[in-house]
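Participant: Take a look at this one; I'll ask things after.
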């Protein structure tokens, strides 16, 4: 397992890669919520930066247009492909993102799908699965795996959706902090359910929710409720060989300090 960082796509990609390498890492996931950046010019800029800095991009994390509210109420109405009102437009953006990722030879394509219904008989469920099948086939045509970012659904609901989609290029980018912050699962136990589907990991930490409306608080890695010694041990047990990509959702110098600390914690556990 190698340790990397989540990096936002932009014209400053060379600067971002320089910072990555200065922190002793050469692995990252690229993230973008701006479809206007999905251009040939941007792809070429990234490809040149990859060669120049010898960075491995493990995944493209693709956002989507429209309203976004990260809570337990309005989040149900705004996030991912679940809200029918935004589904078609967002599906087109995600398919465009898959084509863009192909230009950079990125294997894994990741997004939040939204609050997948726990009830498979929910009238919205079949429409979500149908849209996901189209996206997964687009990813397959582009030589990619489609990965669910964990958080907004329980591991069992996520496993059911993967089985109902029915294609072999579907997996999970498991964010252990999200599972806690959304109150959906203990991350170590979640690996017992999702282990064979896990193709990516986010290195993030957080707390359980303290009320019924708002997510739990994100924390610097090692200061939250994720049992990282147990989590890394379980990853080793199931034979996970991929990277762990640090995500710290703040900005500025403190973000950099927290990333460096997270790298140290993770690498000590990986090599223990």
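The values are calculated or read from the model by the stated rules, or taken from the named source; none is laboratory data. Nothing here was measured: the structure is a model prediction, and the numbers come from that model. Here the Cβ positions follow ideal geometry from the backbone for every residue, glycine too, while neighbour counts run over all protein chains shown.
Participant: Can you confirm whether residue 134 is surrounded by 20 or more Cβ atoms within 10 Å (Cβ to Cβ), more than 17 Å from the chain's Cα centre (by Cα) and either over 28 Å from residue 266 (Cα atoms) or modelled with pLDDT of 95 or more (or both)?
Facilitator: It is false that residue 134 is surrounded by 20 or more Cβ atoms within 10 Å (Cβ to Cβ), more than 17 Å from the chain's Cα centre (by Cα) and either over 28 Å from residue 266 (Cα atoms) or modelled with pLDDT of 95 or more (or both).
Participant: Exactly one condition in (1) without any contact (Cβ under 8 Å) to a residue 60 or more places away in the chain; (2) touching a strand residue (DSSP E or B) at 6+ places or on another chain (Cβ under 7 Å) is false for residue 271; which is it?
Facilitator: (2)
Participant: Taking region 135-164 on its own, how many of its residues are assigned to a loop (DSSP other than H, G, I, E, B) and closer than 20 Å to residue 246 by Cβ?
Facilitator: 2
Participant: OK, next. Kindly indicate which of 190, 130, 185 is touching a strand residue (DSSP E or B) at 6+ places or on another chain (Cβ under 9 Å) and free of Cβ contacts under 8 Å to residues at least 60 places away in the same chain.
Facilitator: On inspection, the qualifying residue turns out to be 190.
Participant: Follow-up question, since we're still on this one. Is it true that some residue in region 223-236 is within 16 Å of the chain's Cα centre (by Cα) and within 19 Å of residue 2 (Cα to Cα)?
Facilitator: For region 223-236, residues within 16 Å of the chain's Cα centre (by Cα) and within 19 Å of residue 2 (Cα to Cα): absent.
Participant: Here's a follow-up. Among what's in region 138-151 and is more than 15 Å from residue 100 (Cα to Cα) and at pLDDT 95 or above, pick the residue that is surrounded by the fewest Cβ atoms within 10 Å (Cβ to Cβ).
Facilitator: The qualifying residue surrounded by the fewest Cβ atoms within 10 Å (Cβ to Cβ) is 149.
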